[in-house]
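Comments concern the structure below.
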Amino acid sequence: MLRVTREARGMSRRDLAEASGLSYPYVSELETGAKYPSDRALHNLASALDMDFVELEARARSSESEAAVGSAVDSLQAAATAAADRDLEDAIVNQVIDQLEPIIRAAVRAALERQK
């Protein structure tokens, strides 16, 4: 959200950092979603971007919510993949057991017969 707004105003990250009084690394972290801006940072950014603070805050919160939903979806997809992998593993193991069981039983019977 911040990157799109900045680019729409023809500003580089460095331009925004200088205009807002924030450090370049901090602006970069805000744009990538690694950090969420403080109220002071939002005020500075709103001023530098010539935006209303409330509008910028609403956009930031919306982006934060979208990131949280995306993270939850990623976690669910990973869990579903892990469950599918476990199901596949169980199916393969069961198939191997089904195929080997008669062979093992025959070998055990033969060994018991030799002991008699």
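Annotations for the structure displayed:
- Here the 3J(HN,Hα) profile of the stretch 40-56, calculated from phi with Karplus coefficients 6.51, -1.76 and 1.60 at θ = phi - 60°, is 4, 5, 4, 4, 5, 5, 4, 5, 5, 8, 6, 10, 6, 4, 4, 5, 5 Hz, Gly and Pro shown as x.
- Computed FRET value (nearest 0.05) for His43 with Val4, which takes r as the C-beta separation and R₀ as 25 Å: 0.80
- Shape call, the stretch 1-53: gyration tensor on alpha carbons, a/c limit 1.5: rounded
- In a fully extended conformation the segment linking Ser23 and Met51 would gain 8.1 nm over its present Cα-Cα distance, using 0.36 nm per residue.
- Rounded to the nearest Hz, the phi-derived 3J(HN,Hα) couplings of the stretch 92-105 under the Karplus curve 6.51 cos²θ - 1.76 cosθ + 1.60 (θ = phi - 60°) are 5, 4, 4, 5, 5, 4, 4, 6, 8, 4, x, 5, 5, 4, where x marks glycine and proline.
- Where [x] 12.1; [y] 16.8; [z] 7.8 are the candidate values, the label of the one calculated here for mean projected area of the Cα convex hull in nm² is [x].
- J(HN,Hα) series, the stretch 11-19, from Karplus relation 6.51 cos²θ - 1.76 cosθ + 1.60, nearest Hz, glycine and proline x: 9, 8, 4, 5, 4, 5, 4, 5, 5
- Helical mean residue ellipticity (222 nm; -39500 (n - 2.57) per DSSP H run of 4+; nearest 500) of the chain: -28500 deg cm²/dmol
- Peptide packing: for 91-101, 36-46, the average count of neighbouring Cβ atoms within 10 Å per residue gives the ranking 36-46, 91-101, highest mean first.
- Placing dummy labels 7 Å off each Cα toward the beta-carbon, the span from Leu76 to Arg105 is 4.5 nm.
Coordinate-derived values only; no laboratory data. Note that this is a predicted model, so its numbers are computed, not measured. So basically every Cβ, Gly included, is an ideal-geometry build from the backbone, and we count neighbours across all protein chains shown.
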